[in-house]
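FYI, it's all coordinate maths here, none of it is from the lab. A quick note: this is a predicted structure, and the numbers were derived from the prediction, not measured. A quick note on method: Cβ atoms are made from the backbone with ideal geometry, for glycine too, and the neighbour counts reach across all protein chains shown.
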Amino acid sequence: MSRWKQLPDSLDPRVRQLAVQMRRIKDHSGLGLQALAARTGYSRASWDRYLNGRSLPPQEAVAALARACNADPARLLALHEVAVAAGRGGGEAEDSGKTGETGETGETGEGVTEPESRPAGEERKGRARGRRRLLTAMVTSVVLLAAVIALLVAAPWEGGGHRTADRPVSADATEPAPGASGPKGAFVFRPGKEYPCHVHRAGDGLLYAGYSTTRVDLIGSGSAQWAVVEVQCLLRHHGFSPGTADGVFGAHTERAVERLQAGAHIRVDGVVGEDTWGVLRK
């Protein structure tokens, strides 16, 4: 059983009677102030004021106390009505319980001053709002990350190159040789189309067919790009027929590359790399 502080001597007897009855109901229920606050939506500090006669509780708080303690609210509400009338005569006003005032409790062992807590319903709403904000932030982060990844995938490869077929090639693989007339732009395979081969030796002493200036790109079976047209024209110039110069690295082109490699005594693998380019450009 809680031991309460003595009610103020100046308290009106009718207000005192209400406070005493509320104390008895609370003690009979076995609820502490914190539990009472959780069940009624009125803070612990508010109940500290109501039960110690420092302020008159609103009618809703009295009804909430009765419900929380499984008591009949009729008697309490009747006492409250009388207390309100006495309070009006003596200048006492009802306390809404929403002022945020703190106070020391009248119960032994609970004399800790603490700020008034929000009603439980408001706390739940606050937590829900916090979860929604967190979810919104997470979704925004995922969308931004996806946009960055998309930009990186769509961006040109290092050195200003483009991805053609299944291998990265440098920018010069899509450009005609300096001073040469030839196709420009991205390569598009056209069935039955054969490109003319006009091989010439440029000012740097190397051979060019006008379709690409690369000397290092790795090109093999399945590739379709301007650099393949360059390879096919240079193979033909060196006497190794690749078949049609159509820009597609097929079986005929692969066999012609292998014959060139064997004749130059370099690794025979049917793939055009730096060493094979070196032979083709001479």
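Packing, taken as the mean count of other beta carbons within 10 Å per residue, orders the peptides 51-58, 214-221, 229-236 from highest to lowest as 229-236, 51-58, 214-221. The HN-Hα couplings worked out from phi for the stretch 68-80 by the Karplus form 6.51 cos²θ - 1.76 cosθ + 1.60 (θ = phi - 60°) are 5, 9, 6, 10, 6, x, 4, 5, 4, 5, 5, 4, 5 Hz, whole numbers, x standing for Gly and Pro. Between Leu218 and Arg88, the contour length at 0.36 nm per residue exceeds the Cα-Cα span by 37.2 nm. With a cut-off of 20 Å on the backbone N, the residues of the stretch 240-282 near the modelled label site 7 Å out from Arg190 along Cα-Cβ are 243-250.
A straight chain from Arg3 to Leu134 at 0.36 nm per residue would run longer than the Cα-Cα distance by 42.6 nm. Expressed in Å, the radius of gyration and Dmax of the Cα atoms of the stretch 185-241 are 11.6, 34. Taking every Cα-Cα distance in the stretch 223-282 and sorting them into 5 Å bins starting at zero, the pair-distance distribution P(r) comes out as 4, 23, 36, 27, 9, 1 percent.
Around the amide H of Ser223, modelled in the peptide plane, lie the amide H atoms of Phe249, all under 5 Å away and 5 or more residues distant in sequence or on another chain.
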